[in-house]
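Participant: Input: one structure, supplied below.
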Amino acid sequence: MLGRVRVIHVVSCAVVSVLLLGFIGLPGETITAAGRSSYPWRPAGWGTPAIDVVGSASYAAEVYGDVAVRSRWGPRDAGLVGERVTDGATAWRYENAWADDSLGPVRVDDRRVAAVWRDGRVSLIDVPDGRIVWRADLPSGPYHEANRAYDEEWAAAWEISVAADGPVPLVVVLHDGRLDVLDGRTGESRWSYPQGPPVSCPERRDLVPSSVRSAGGVVLVFGECAGGEANLALSAADGGRLWEFRGGELWHARALGAGRLASVDAGGALSVRAARDGKVLWRVPSAGLERNPYGEAMGVSDDLVIVRSPAAATAYRIADGGVAWRRALDETGDHAVLTDGARTYVAADATTLLRLDTGTGRVVDRRRFADDITLRWAHDGLAGIGVGIGDDVVVA
């Protein structure tokens, strides 16, 4: 009888411990609030024609309102930190005492950022509130043990991006020869690829994924099959196979909405294709984008895709590829284009930032900086601009 009571006691303690861990998280994984943040943030100058510098953020930080999220490194303080862009003060700290190597903060939506660790842990953080929304553990991939034994291969075996199933964000993680897709709202697994062990794939069904890119409702899987290149476009919603492609043109494909993808080929031509079958809908052979091959450098609004050639910024209509407007620019400027839909930013030359009206290309304002500028990101009426070497300035 006494033995049975002890067994019941041990089982009860175990159940309570599991419930507590599920509620408060694993020991060593904590978020500490250190100040208040403002979300949404509307600084002085937001929405006005003038380009105003309203703060600064660390290079590669993800900015949400007045909080910039960046990685922290170190044996005892690995994790993320949220810092206010206005004064650099800490809003919160996410610490992980059991931290493995991190992939850094990844923007999931307008409020949340994902922290992904190479031991398979994923945490979603609500940035304005400084709280953990959900946690998930990824299963080991088929090459887990092999990659753990070789640091260089291990480091190259992980990639993370964000896809979408309609309005639902999806966290896409490639790790150790396996692709896992999580629901961005709940952390639950949506699908994985391949579902079984990698094979030589004579029918190209289960190629070994070596790299992954996400573009809206499509997940582009780059890999090998029977010793040769084989790349597949999968549905972000359920992992269903959509179409096959070759070559690196889609490496930096950009989702345009309306089920369309934009890409730039090696010759500088701009192509827009249907996401459902990969069919090219229109192509501009003379776009002249040799120095702008990356999807991140395209500005995308509801009905326009804006790209920068060495001498001009050109807005093409997503529907048919017609030119909506073109603006001549100096060849020495950064060749990225930023837009949040209403405002568009381009470099007039190496040190001058222009704000354009997205619909017409009209110059709204310009600002000259003391050093060369690099265009980083734009959303929520804000833009991040790198000036020289160091942190980015945030403009409104």
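Participant: Might you check whether a residue that is on the phi > 0 side of the Ramachandran plot, part of a loop (DSSP other than H, G, I, E, B) and either β-branched (Val, Ile, Thr) or modelled with pLDDT under 95 (or both) occurs anywhere in region 296-306?
Facilitator: no
Participant: Quick check: is even one residue across region 271-281 touching a Gly at 6+ places or on another chain (Cβ under 8 Å) and under 23 Å from residue 378 (Cα atoms)?
Facilitator: Yes, some residue in region 271-281 is touching a Gly at 6+ places or on another chain (Cβ under 8 Å) and under 23 Å from residue 378 (Cα atoms).
Participant: So residue 278 passes all but one of these: (1) in contact (Cβ under 8 Å) with a residue 40 or more places away in the chain; (2) of a type outside the set (D, E, K, R); (3) open to solvent by less than 10 Å² (accessible area, probe 1.4 Å). Which condition number does it fail?
Facilitator: Result: residue 278 passes all but (3).
Participant: Now for a different question. Taking region 248-266, which residues are open to solvent by 30 Å² or more (accessible area, probe 1.4 Å) and closer than 18 Å to residue 210 by Cα?
Facilitator: 248, 249, 251, 252
Participant: Also, I was wondering about something else. Residue 298 passes all but one of (1) under 27 Å from residue 213 (Cβ atoms); (2) in contact (Cβ under 8 Å) with a residue 40 or more places away in the chain; (3) open to solvent by 50 Å² or more (accessible area, probe 1.4 Å); which number fails?
Facilitator: Answer for residue 298: the failing condition is (3).
Participant: Moving on to the next point. How many residues does region 158-217 contain that are modelled with pLDDT under 95 and of a type in the set (D, E, K, R)?
Facilitator: 8
The rows are residues; the columns are (1) assigned to a strand (DSSP E or B); (2) crowded, with 21+ Cβ neighbours inside 10 Å.
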site: 345; (1), (2): yes, yes
site: 350; (1), (2): no, no
site: 353; (1), (2): yes, yes
site: 359; (1), (2): no, no
site: 365; (1), (2): yes, no
site: 370; (1), (2): no, no
site: 375; (1), (2): yes, yes
site: 383; (1), (2): yes, yes
site: 389; (1), (2): no, no
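The values are calculated or read from the model by the stated rules, or taken from the named source; none is laboratory data. Quantities reported herein were computed from a predicted structural model and do not represent experimental measurements. Quick reminder, even Gly has a Cβ in these numbers, built from the backbone with ideal geometry, and neighbours come from all protein chains shown. These area figures cover heavy atoms from the full protein model, side chains too; ligands, DNA and RNA do not enter into them. Shrake-Rupley method; radii C 1.70, N 1.55, O 1.52, S 1.80 Å.
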